[in-house]
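Comments concern the structure below.
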Amino acid sequence: MTQHDFTTLYSKFPALIALMEESFTSHEFILRLAQANQTEYVEALYTYRNSVHGSNTAPFKAVHTILSQHLQEYPTLIRHTGSVPSEDIFRQSNGCTSWKKV
């Protein structure tokens with residue numbers, strides 16, 4: 001169960017998916033979602049402000065994990081095509097999911 005009600009952000013997913021390139025990553029999607037919905041995105045981050053990953057606080061990791069996992073709820077719009085190397089919002093290299101429109 002999440003600590004935050006992501007309903008408003010989730011409601012933006014189908015329209016944003018339609019605007020994405022034919023293939024995109026979870027990182028690219030989350031960045032566009034955050035840019036277009038800054039208030040709702042910041043509210044989610046604030047809710048998870050005390051989340052910890054390892055020994056560091058990690059609200060971005062917590063929120064981004066929830067948002068990227070929700071992309072799986074749109075199998076009629078996109079399909080998972082594997083993991084790819086990518087830079088996160090902090091330009092740190094790590095892997096993320098790649099998606100292709102159906």
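Throughout, read-outs are computed from the coordinates displayed, never taken from laboratory work. Everything quoted here is computed from the prediction, not taken from an experiment. Don't worry about glycine lacking a Cβ; one is built from the backbone with ideal geometry, like all the others, and counts go over all protein chains shown.
Take A62 and decide whether it is without any contact (Cβ under 8 Å) to a residue 60 or more places away in the chain, touching a helix residue (DSSP H, G or I) at 6+ places or on another chain (Cβ under 6 Å) and either within 19 Å of M20 (Cβ to Cβ) or among the small types (G, A, S) (or both). Considered against the rule, which asks whether it is without any contact (Cβ under 8 Å) to a residue 60 or more places away in the chain, touching a helix residue (DSSP H, G or I) at 6+ places or on another chain (Cβ under 6 Å) and either within 19 Å of M20 (Cβ to Cβ) or among the small types (G, A, S) (or both), A62 comes out as no.
Just one of the listed residues (E21, E40) is of a type in the set (D, E, K, R) and touching a Ser or Thr at 6+ places or on another chain (Cβ under 6 Å), and it is E40.
R49 meets each of the listed conditions (1) touching a helix residue (DSSP H, G or I) at 6+ places or on another chain (Cβ under 6 Å); (2) buried (at least 17 other Cβ atoms within 10 Å of the Cβ); (3) not β-branched (V, I, T) apart from (2).
If you go through segment 1-34 and keep only what is among the aliphatic types (A, V, I, L, M) and farther than 16 Å from A62 by Cα, you end up with A15, L16, I17, A18, L19, M20.
To keep it simple, each residue is scored yes or no on (1) more than 21 Å from W99 (Cβ to Cβ); (2) basic (K, R); (3) in contact (Cβ under 8 Å) with a residue 24 or more places away in the chain; (4) surrounded by fewer than 16 Cβ atoms within 10 Å (Cβ to Cβ).
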| position | (1), (2), (3), (4) |
| --- | --- |
| T7 | yes, no, no, yes |
| L19 | no, no, no, yes |
| E22 | no, no, yes, yes |
| H27 | no, no, yes, no |
| Q35 | no, no, no, yes |
| Y41 | no, no, yes, no |
| G54 | yes, no, no, yes |
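Cβ-Cβ below 6 Å, separation at least six or inter-chain, first residue in segment 72-97 and on the phi > 0 side of the Ramachandran plot, second in a strand (DSSP E or B): which pairs? Short answer, once both residue conditions are applied: G82/S98.
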